[in-house]
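Notes follow once the structure below has been shown.
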Amino acid sequence: MAEKIVAAGGRWSLVTGWTAVATLAAGGALLAGGGVFAAWTSTANAAGGTNEATNVGMAHVDTNGTTFSTGVANLLPGDYVYRYANLTNTGSASEVFTATAAGTGVLAGAGGLQFAVDTCPAAWASDGTCSGTVAVVAATTDVAGATPVSLGTVAANGVRYLRYKVQLNGTADQSTFQGKQGAVNVTITGTTASNGNRNRTAG
Amino acid sequence: MTAAITPPRRRPGTRPGGGAGRRLAAVAATLLAVPLAPAPAHAAPWVVPKASRDSGTFTMASTSYAFGGSDPASFSLPLPVALLSTTGYASLRNTGSTAARFSGGVDATGVPSAARVTLVRCAVAFSGGACASGQATLVNSAALSGDPVVAYGNGSTLAANQTIHLKITVTALAVLSGTVTLLPLTGTLPTGGANRTAG
């Protein structure tokens, strides 16, 4: 607002001050009430650029010749399987992903099936090797009672190269688990890395 | 706003009433500005729809076995009366899909307390009481009253579908009678640790 309030005769007086109070208060009340601030009619119309809200999403795709939904029979204590998956952030903002494992069946009880997650900075090779340094996201732990695992932050369009390991505990109690079955469910959740409220003046 | 406003005392060099007017104008501007200020944002992160994956079914191996004879779960050797030594033959096969170790007790019913048992294993069928190959003594003249436990693998596992042949000999200083039974077995799987990604 560039306008200036000047009292008659170029002097400020108590009367003119109160007049200003009344004028501005009335204007404010009108504005707060949704009315038109009719006294300020000068406008400058500048068209802003298109502002677009972010979108979020993910894709969790089997890879490397393995299928997550494929089971294995006749596991001996200590036997394990790998399942590979690419977790892609299909949204337009960075997202933080979390994996939660849960088990079903007797074999997924405490001391039975175990679960671990590793990542490779590049796609896993077809023979299961990693061209970079394998990062342990979650060390081997029982599926029963497993706590959520942070898969970290993935930038927009970024990919996390995951390797799940499902293992039968090497000391599985045979009187409890022989011939028993179990399965593992993995649920991936993601949230935007930022809560917003950012100054996006620069883009 | 109901507070009474008294004219301010004029400072030297100032115009009458000018300072008060400016202060009031400032108050008014503040009152005007407050409702225009944006409400504090309570933003929350956006949640991505979940991806849920179910694994296939994992199954732990199990052990199974069968004694040759009418009862695959156990083997019984009746002891005729009026003999001091009796010998019987049995076979045991690992019917599971994986190697395993088997063990089980030897039970005696109606047998003199001083009776003893010897159990010999052979890789091939006994011929005329002799083992042509792979003989090992599993129980060596143990007192039957103690229900000795037999480790049929003799410290090693029996491969899947492997059959071993057994010779049981019961002796006593007194006349024998009753029954000796090889009880149902406990099977133990070996430690694996193999990469089963391919199945």
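Would you mind giving the total buried accessible surface between chains B and A, with a 1.4 Å probe and ligands, DNA and RNA left out, rounded to the nearest 100 Å²? Result for this pair: about 5100 Å² buried. Most tightly packed first, judged by the mean number of other beta-carbon atoms within 10 Å of their residues, the peptides A:114-122, B:135-143 read A:114-122, B:135-143. In this view, the solvent-accessible surface of A:SER92, computed with a 1.4 Å probe and all protein chains in place, comes to about 70 Å².
For a straight C-alpha distance cut-off of 18 angstrom, the aspartates and glutamates reachable from A:LYS165 (same-chain residues fewer than eight places away being disregarded) are A:ASP62, A:ASP79, A:ASP118, A:ASP127, A:ASP142, B:ASP54. For the stretch B:65-180, the Kirkwood hydrodynamic radius comes to 14.5 Å, computed from all pairs of different C-alpha atoms.
Against the globular-protein guess of 2.2 N^0.38 Å, express the Cα radius of gyration of the stretch A:87-203 as a ratio, rounded to two decimals. Intermediate values should be presented prior to the final figure.
On the way: Rg = 17.6 Å, N = 117, 2.2 N^0.38 = 13.4 Å.
Rounded to two decimals, the normalised Rg is 1.31.
The values are calculated or read from the model by the stated rules, or taken from the named source; none is laboratory data. Predicted model only: the values in this text are computed from it and were never measured. Positions of Cβ are generated from backbone atoms using ideal geometry, with glycine treated the same way; all protein chains shown enter the neighbour counts. Remember, those area values only see protein heavy atoms, side chains included, never the ligands or the DNA or RNA. Shrake-Rupley method; radii C 1.70, N 1.55, O 1.52, S 1.80 Å.
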